[in-house]
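Chemist: The structure under discussion is supplied below as structure tokens; questions concerning it will follow.
Quick note: the coordinates plus some simple rules give every number you see, no bench work behind them. In this text, all values refer to a predicted model and were calculated from it rather than measured experimentally. So basically every Cβ, Gly included, is an ideal-geometry build from the backbone, and we count neighbours across all protein chains shown.
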Ligand SMILES: Cc1cc2nc3c(=O)[nH]c(=O)nc-3n(C[C@H](O)[C@H](O)[C@H](O)COP(=O)(O)O)c2cc1C
């Protein structure tokens with residue numbers, strides 16, 4: 001039986017640090033560590049990713065031709081045993097840096113759907129979203145976009161948390177139950193990752 005510690009990767013979608021979605025992610029990753037996982041955080045807005053060109057090169061080779069820090073990002077994604085995504089809602093979707101990262105996951109789609117390469121083992125994950133409120137569009141757009149990417153990455157979403165009516169950084173602390181929920185969700189994701197590693 002394999003007893004290595006699972007790696008839980010947190011992907012932070014907000015361009016501002018220590019805001020509401022970062023706090024949810026911090027709590028989830030703390031829960032994952034308490035359950036025995038190693039954790040890492042990838043900050044989408046700092047990842048230095050150029051946008052997807054839609055050039056189709058990845059459908060021929062399985063790899064992206066953009067010359068940037070993509071290889072580091074792909075390595076972090078591929079070495080993760082579980083992925084937890086945290087993002088604010090920006091105009092019913094996710095911030096631009098996060099969307100660039102999402103679009104750059106197209107090589108994974110091309111590998112399995114065009115090049116018919118074998119799918120890597122499925123892994124557990126979770127989605128944590130924060131929004132200010134005050135518009136009628138809710139979490140639906142951001143959540144659907146995120147679920148679409150996680151499906152391509154072979155992630156089984158174990159849970160989704162919505163923090164609404166949080167705008168200024170730190171307003172999440174007005175809803176202390178949410179951090180506890182994020183911690184519990186992170187722990188559940190890590191426990192599932194541990195199980196899957198053991199079963200592999
Ligand atoms: C450019 C921009 C667009 C936003 N769009 C929305 C929106 O469509 N719906 C919403 O409820 N909140 C919207 N917000 C508010 C953020 O979702 C809210 O401030 C959130 O708590 C930010 O999370 P963070 O602290 O993790 O950055 C927007 C904020 C910005 C800066």
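Chemist: With a cut-off of 8 Å between alpha carbons and a minimum separation of six or more residues, what is the relative contact order of segment 7-199 in percent? Walk me through the numbers before you get to the answer.
Modeler: On the way: 374 pairs, mean separation 61.1, N = 193.
Rounded, it is 32 percent for segment 7-199.
Chemist: Follow-up question, since we're still on this one. Tell me, 131, 111 in order of fewest to most beta-carbon neighbours within 10 Å?
Modeler: Working: 131 23, 111 20.
Listed from fewest to most nearby Cβ atoms, that is 111, 131.
Chemist: I'd like the projected area of segment 1-63, averaged over all directions, using the convex hull of its alpha carbons. Report it in nm² with one decimal.
Modeler: Working: hull surface 27.0 nm².
Averaged projected hull area, Cα only: 6.7 nm².
Chemist: I need the P(r) histogram for segment 7-199: all alpha carbon pairs, bin width 5 Å from 0 out to the longest distance, whole percents.
Modeler: 1, 9, 17, 20, 20, 16, 10, 5, 2, 0
Chemist: Turning to a different aspect of this structure: As a check on your grasp of the helix formula, calculate [θ] at 222 nm for the chain: sum -39500 (n - 2.57) over DSSP H runs of n ≥ 4, divide by the residue count, round to the nearest 500.
Modeler: When only DSSP H runs of four or more count, the value is -13000 deg cm²/dmol.
Chemist: Taking every pair of distinct Cα atoms and averaging 1/r, then inverting, what Kirkwood hydrodynamic radius in Å comes out for segment 62-149? Display every interim value, and only then the final one.
Modeler: Values: mean 1/r = 0.0691 Å⁻¹.
Evaluated over segment 62-149, this radius sits at 14.5 Å.
Chemist: Can you sort 7, 65 so the residue with the fewest Cβ neighbours within 10 Å comes first?
Modeler: Working: 7 20, 65 13.
If I rank by nearby Cβ atoms, fewest first, I get 65, 7.
Chemist: Now for a different question. Quick check on packing: order 77-86, 187-196 by the mean number of other C-beta atoms within 10 Å, highest mean leading. Numbers along the way, then the final one.
Modeler: On the way: 77-86: 23.7, 187-196: 21.6.
By packing density, highest mean first, the sequence is 77-86, 187-196.
Chemist: What whole-number distance in Å separates the alpha-carbon centres of segment 171-200 and segment 38-54?
Modeler: Here the answer is 22 Å between Cα centres.
Chemist: If we count other beta carbons within 10 Å of each Cβ, what is the order of 116, 98, fewest first?
Modeler: Working: 116 8, 98 30.
Ordered by Cβ neighbours within 10 Å, fewest first: 116, 98.
Chemist: Further question: How far apart, in nanometres, would the label points at residue 173 and residue 114 be if each is projected 7 angstrom from Cα along the Cα-to-Cβ direction?
Modeler: Each label point is offset 7 Å from its Cα along the Cβ direction, giving 4.8 nm.
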